Amino acid sequence: MNVCTQTATFERVYGIKKGIELLAKAGYESIDFSMFYPVDKGLLTESDEKIREYFGELRRLIDSLGIYVYQTHTPFPCYVANPERDAVIFEAEKKALLASSILGAKCAIVHPAIMGENRYGSLSAENKAINVDFYSRLIPYLDEYDISIAIENMFNYDPEKKCICPTVCSSSIEMADYVDTMNALCPTKPRFVSCLDIGHANLAGDKPLPEMIKELGPRLKSLHIHDNKGINDDHTAPGFGNIDFGAMCTALKEIGYDGDFIFEADNFYNRFDPALTYDASVLLYKIGRNLVDKYGL
């Protein structure tokens, strides 16, 4: 199994081209390309021709380094309950899907819409209706660009208890239902998969992590691997929180997970001076490689 990580911090610290080169040098076999761009200006408001030109050049660089883009992460949030703003966001999501296709990604993580008041499943049906409409309008572009959407498990915040709480797709049952519902609406082939965010599962999951993995089963094609202590969304490296990554790896092996081992642990770099960002990424890679090899993934 190949070890993968996101590009967000490396683009910010080194610029995207140098950042990709350094991630390849650090050992990563693949990357999760972060598209955390503004939705109302800049790159994702350019013409399709400009998008093809920009990301085509990056694809050639990536290919020359002997690595590949396993997945991308489109801008979020995808819904703010403002029709005018939501229309702008939708256009940016379309551009991000085009860019993802050019980069050769297997899937693009597109967050589900979260209604602000949807806590503990209180508005699950209403929230699902919003998401079915949102994702359905993207299906024609998935066929055109030949790419899949990975739906991620999310969390919300309880202002009374002052803690993170469950919301859209926090449970593996709801995640599986979303994927199955959307695939039933795809006219040519299934275009939706699950992205299990391991840290989010520790914060707001409905059952132990191994059980969530087994419940998702073959739907699970994408991961966001990072650690926390069950309180905050820390996005740090395994070993700095309380998640049992051995149990995670064992469950992944049991279901025959055939995707990459994908880190979303960029806050780990914040423990170090920026001059050590590259060195920290080498350690993060080694942590991932050790887990993959130890558990025979």
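The values are calculated or read from the model by the stated rules, or taken from the named source; none is laboratory data. Note that this is a predicted model, so its numbers are computed, not measured. Don't worry about glycine lacking a Cβ; one is built from the backbone with ideal geometry, like all the others, and counts go over all protein chains shown.
Kindly evaluate ILE225 against the criterion of being surrounded by fewer than 16 Cβ atoms within 10 Å (Cβ to Cβ), farther than 21 Å from ALA125 by Cα and in contact (Cβ under 8 Å) with a residue 24 or more places away in the chain.
Against the criterion (surrounded by fewer than 16 Cβ atoms within 10 Å (Cβ to Cβ), farther than 21 Å from ALA125 by Cα and in contact (Cβ under 8 Å) with a residue 24 or more places away in the chain), ILE225 does not qualify.
Kindly indicate which of ILE130, ILE109, ILE151, ILE114 is at pLDDT 95 or above, among the aliphatic types (A, V, I, L, M) and surrounded by fewer than 24 Cβ atoms within 10 Å (Cβ to Cβ).
Exactly one of ILE130, ILE109, ILE151, ILE114 is at pLDDT 95 or above, among the aliphatic types (A, V, I, L, M) and surrounded by fewer than 24 Cβ atoms within 10 Å (Cβ to Cβ), namely ILE130.
Looking at the stretch 94-131 only, could you name the residues that are in a helix (DSSP H, G or I) and either among the β-branched types (Val, Ile, Thr) or closer than 19 Å to PRO75 by Cβ (or both)?
Passing the criteria: LYS94, LYS95, ALA96, LEU97, LEU98, ALA99, SER100, SER101, ILE102, LEU103, ILE130, ASN131.
Is it fair to say ILE51 is closer than 15 Å to THR277 by Cβ and of a type in the set (Val, Ile, Thr)?
In short, no.
Quick check, is ALA201 at pLDDT 95 or above, over 14 Å from the mean Cα position of the chain (by Cα), surrounded by 16 or more Cβ atoms within 10 Å (Cβ to Cβ) and among the hydrophobic types (A, V, I, L, M, F, W, C)?
no
Filter the stretch 144-203 down to the residues that are assigned to a loop (DSSP other than H, G, I, E, B), closer than 13 Å to TYR120 by Cβ and of a type in the set (S, T, N, Q) and list them by number.
Those that are assigned to a loop (DSSP other than H, G, I, E, B), closer than 13 Å to TYR120 by Cβ and of a type in the set (S, T, N, Q): THR167, SER170, SER171.
Pull up the stretch 242-287, narrow it to residues that are hydrophobic (A, V, I, L, M, F, W, C) and in a loop (DSSP other than H, G, I, E, B), then point me to the one that is nearest to the chain's Cα centre (by Cα).
ALA265
Looking only at residues in the stretch 251-297 that are over 23 Å from VAL193 (Cβ atoms) and among the basic types (Lys, Arg), which one is modelled with the lowest pLDDT?
Result: ARG271.
Name the one entry in TYR141, TYR135 that is aromatic (Phe, Trp, Tyr), under 18 Å from the mean Cα position of the chain (by Cα) and not in a loop (DSSP other than H, G, I, E, B).
Of the residues listed, the single one that is aromatic (Phe, Trp, Tyr), under 18 Å from the mean Cα position of the chain (by Cα) and not in a loop (DSSP other than H, G, I, E, B) is TYR135.
From the residues in the stretch 164-198 that are surrounded by fewer than 18 Cβ atoms within 10 Å (Cβ to Cβ) and of a type in the set (S, T, N, Q), which one is modelled with the lowest pLDDT?
Restricting to residues being surrounded by fewer than 18 Cβ atoms within 10 Å (Cβ to Cβ) and of a type in the set (S, T, N, Q), the top hit is THR188.
Determine which member of the set ALA275, ALA247, ALA237 is within 20 Å of GLU21 (Cβ to Cβ) and aliphatic (A, V, I, L, M).
Being within 20 Å of GLU21 (Cβ to Cβ) and aliphatic (A, V, I, L, M) holds for just one of ALA275, ALA247, ALA237, which is ALA275.
For GLU215, are the conditions met, namely being in a helix (DSSP H, G or I) and acidic (Asp, Glu)?
So GLU215 passes the test.
Give the residue, chosen from SER30, SER34, that is closer than 30 Å to ARG289 by Cβ, polar (S, T, N, Q) and touching a His at 6+ places or on another chain (Cβ under 9 Å).
Residue meeting the stated conditions: SER34.
Quick one: which helices (runs of 4 or more DSSP H) lie wholly within the stretch 3-93 and hold at least 1 residues that are surrounded by fewer than 16 Cβ atoms within 10 Å (Cβ to Cβ) and among the acidic types (Asp, Glu)?
Here the list reads 48-64.
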